[in-house]
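**Q** Starting off with a structure, shown below.
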Amino acid sequence: MSIRTLLMTVSFILSVLIGLVVSQSGAKATSKSDDKIVIGLSLDTLKEARWQKDRDIFVACAKELGADVLVQAANSDDTTQMQNIEALISRNVDVLVIVPHNGKAMAKAVEKAHDAGIPVIAYDRMITDCDVDVYISFDNVKVGEMQAKFLLKTLSNHGKIIRVYGSKTDNNAFLFKQGQDNVLKPFIEKNMIEVIHEDWAEDWKPENGKKIVNAAISLHGDNFAAVLAANDGTAGGAIQALTEEGLAGKVKVIGQDAELVACQRIIQGTQTMTIYKPLKKLALRAARLAVDMAKRKVIIAKESIPNGKIDVPTIAIDVQVVTKENMEDTIVKDGFHNRKDVYGE
Ligand code: GAL
């Protein structure tokens, strides 16, 4: 039996027993274990607090593991992100980690990386219609379901709501909506929940979240009970619109990301809940994964998610609902934010 056949057989047995073996389809054949590993990290943006946190944890962990990280941020622009990735490829990085601004547009970047023998990790956001090697994220459909379940509980299953979706260029925005729809559909069909206004917040910008709620109020007045926002950034924009109308604190607002400002708003009473996605776990796991992939180690993923072209080996990390009641036991206890910062004491 040739080595190749043997490896394929071992891969197959492993995949049946424990999960999917990440194929690293484009990877250079040689292991670079003797050289210093260089990881290319291409981010959509660093404007939101969460991505700064992701970057800092990722870079620190990779450094501890002896790797260098070249970081690029694209300012929510596809052309810039493509140029960033081309620059990282030309610097001969061992592995690329991409948070795509546009999951579809970055398929081309994956192709280019593979042509250069560089494997690619999709970080938190899927890259669609391509052979991306592995996807690491949270269970984003579950995030949407948890938001909607909490909303129903807090409204006792009845009420008028505004829905603010995320950026249409981000696959996650569709997954959050899908999760919300899974839970809300029967209640909407029975007219127990009425969606008076809904729209997509371009590029996840808080000001677009604000515009959507402003538009809802000028079209339908202030007779609604809640805003279901796709993330804390857009929830923040929504709350600004509510504040202008004297509605902040009266209308329930749901977000996700557990950003510091959102946790502060929860304590102050202008936001009702958020979802804690342990970024530390995600970034540490991704940094270790990137180093292992750079060393061309065998990677096993327990799940897979279709991306329009293949079933992408997937690692998904668990999330938690956060309210005023459990802030201390979740965010503070886990050291995600300081008690002092959250409570302003
Ligand atoms: C999504 C991510 C959210 C949020 C948003 C805006 O992809 O799942 O956590 O940060 O991007 O950047």
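Every read-out reported here was derived from the displayed coordinates using simple, explicitly stated rules and does not represent laboratory data. Values in this document were obtained by computation on a predicted structure and should not be read as measured data. When we count neighbours, we look across all protein chains shown, and the Cβ atoms used for this are built from the backbone with ideal geometry, even at glycine.
**Q** Arrange the following residues from fewest to most other Cβ atoms within 10 Å of their Cβ: Ser76, Ser137, Ser42.
**A** In order of increasing Cβ crowding within 10 Å: Ser76, Ser137, Ser42.
**Q** Please report the base-10 log of the normalised intensity I(q)/I(0) for segment 143-190, using a Debye sum with one equal scatterer per alpha carbon and no solvent, at each q in 0.20, 0.22 (1/Å).
**A** Scattering profile of segment 143-190, log10 relative to I(0): -0.64, -0.76.
**Q** Please report the Cα spread of segment 226-345 along all three principal axes, rounded to whole Å, starting with the longest.
**A** 56, 35, 20
**Q** Here's a follow-up. Among Thr323, Thr270, Thr79, Thr234, which comes first, second and so on when ranked by fewest other beta-carbon atoms within 10 Å?
**A** If I rank by nearby Cβ atoms, fewest first, I get Thr79, Thr323, Thr270, Thr234.
**Q** Work out how much length Lys190 to Arg91 would gain on full extension: take 0.36 nm times their residue separation and subtract the Cα-Cα distance, in nm to one decimal.
**A** Length gained, Lys190 through Arg91: 29.9 nm.
**Q** What do you get for Rg/Rh over the chain if you use C-alpha atoms and the Kirkwood form of Rh?
**A** Result for the chain is an Rg/Rh of 1.01.
**Q** How compact is segment 62-213 by the rule of thumb for globular proteins, expressed as Cα Rg over 2.2 N^0.38 Å?
**A** So segment 62-213 has a normalised radius of gyration of 1.27.
**Q** Where Rh denotes the Kirkwood radius from the mean inverse Cα pair distance, what is Rg over Rh for segment 140-269?
**A** 0.93
**Q** If you don't mind, another one. Indicate the helices, whole DSSP H runs only, in the chain that combine a mean Kyte-Doolittle hydropathy of -0.5 or more with a Cα extent along their long axis of 20 angstrom or more.
**A** Result, helices passing both filters: 3-18, 140-154, 171-189, 206-220, 279-294.
**Q** Also, I was wondering about something else. Using the structure shown, select from Lys104/Lys277; Lys168/Lys277; Lys210/Lys280; Lys160/Lys281; Lys277/Lys297; Lys104/Lys153 the pairs with a Cα to Cα distance greater than 26 angstrom.
**A** Going by Cα-Cα distance, Lys210/Lys280; Lys160/Lys281; Lys277/Lys297; Lys104/Lys153 fall outside the 26 Å limit.
**Q** Ranking request for peptides 161-167, 274-280: highest mean number of other beta-carbon atoms within 10 Å first, then the rest in descending order.
**A** Sorting 161-167, 274-280 by mean packing, highest first, produces 161-167, 274-280.
**Q** Please rank Phe187, Phe224, fewest neighbouring Cβ atoms within 10 Å first, as an exposure proxy.
**A** Ordered by Cβ neighbours within 10 Å, fewest first: Phe187, Phe224.
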